[in-house]
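A short write-up of the structure that comes next.
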Amino acid sequence: MESLNIPRAVLDGVRIDFPSWFALAALPYLWDDERNHQICFIDSGRWHNAKNRDEYGSMIASADIVLSRDRSLSEKACSQNTHTACVWPVPFIHQLFLDALYETMEVENLESEAKEPKTYRPQKVLTLLLSSIEKKNGSIFLVGGRPPTLIRAEKNIRATYPKLTIVGSIHGLYHRQEEAALIQAIQKGNPNLILVGDPIPTGERWIPRHMGMTRSGIFFYYGPILSWFAGR
């Protein structure tokens, strides 16, 4: 497997991607390229906001993957005659592994994927990503949550993914003067994924405001994700 195609559609100027579950699991290997990448989720309300020429609209337009959480939005996008595909090259060192992963996941998911609507739950997408990163003995960095929530989330992540390293974390109520140290910690840790959840200053826009200051990795935001990991 030398490349992987991810279908996409454009609805009123907003791009929406429709990767297979295999493609999502493969992202930590496709994006092993010393660059930063962002995954965003939208629903009908956020789609309307994404049409604006503001900071949020610019973030959605520049994101590497934009996934719909809303079935009606997905169906509306798929009905448009604006279908294209993004072609991601597979690094040579990962080609054999992804060939084997493809065969395994296609056997397990081909039937169910054909039946379910083209919507994406952030929890499921993140689970696929973390499982793939764990196979690489990779690492993550956690940003956000209240201090007790973050502690519980870290504990549960370590228990669920024992081969995954948490190279650092900071709660979302940190002070402005701590930002320089936070960015330095992310740079030093060089995580495969930076997981961001609420509360966090400026919400999801925290990512484009800070992503360019770090070395490389996948940036993933979903407001309740740390509470979800904490079992709340």
Every listed condition ((1) out of contact with any helix residue (DSSP H, G or I) (no Cβ under 8 Å at 6 or more places or on another chain); (2) modelled with pLDDT of 95 or more) holds for L142 save (1)
When restricted to L73, L96, L128, the only residue loosely packed, with under 12 Cβ neighbours inside 10 Å, modelled with pLDDT of 90 or more, of a type outside the set (V, I, T) and in a helix (DSSP H, G or I) is L96
For the range 163-186 the number of residues that are closer than 12 Å to I140 by Cα and either of a type in the set (S, T, N, Q) or free of Cβ contacts under 8 Å to residues at least 24 places away in the same chain (or both) is 2
Note on the range 35-56: residues touching a residue at least 40 places away in the same chain (Cβ under 8 Å) and outside any strand (DSSP E or B) are R35, E55, Y56
Only one of A26, A9 is more than 23 Å from R205 (Cβ to Cβ) and part of a helix (DSSP H, G or I), namely A26
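The values are calculated or read from the model by the stated rules, or taken from the named source; none is laboratory data. Just so it is clear, the structure is predicted and the values come from calculations on it, not from any experiment. All Cβ positions, even for glycine, are placed from backbone atoms using ideal geometry, and neighbour counts span all protein chains on display.
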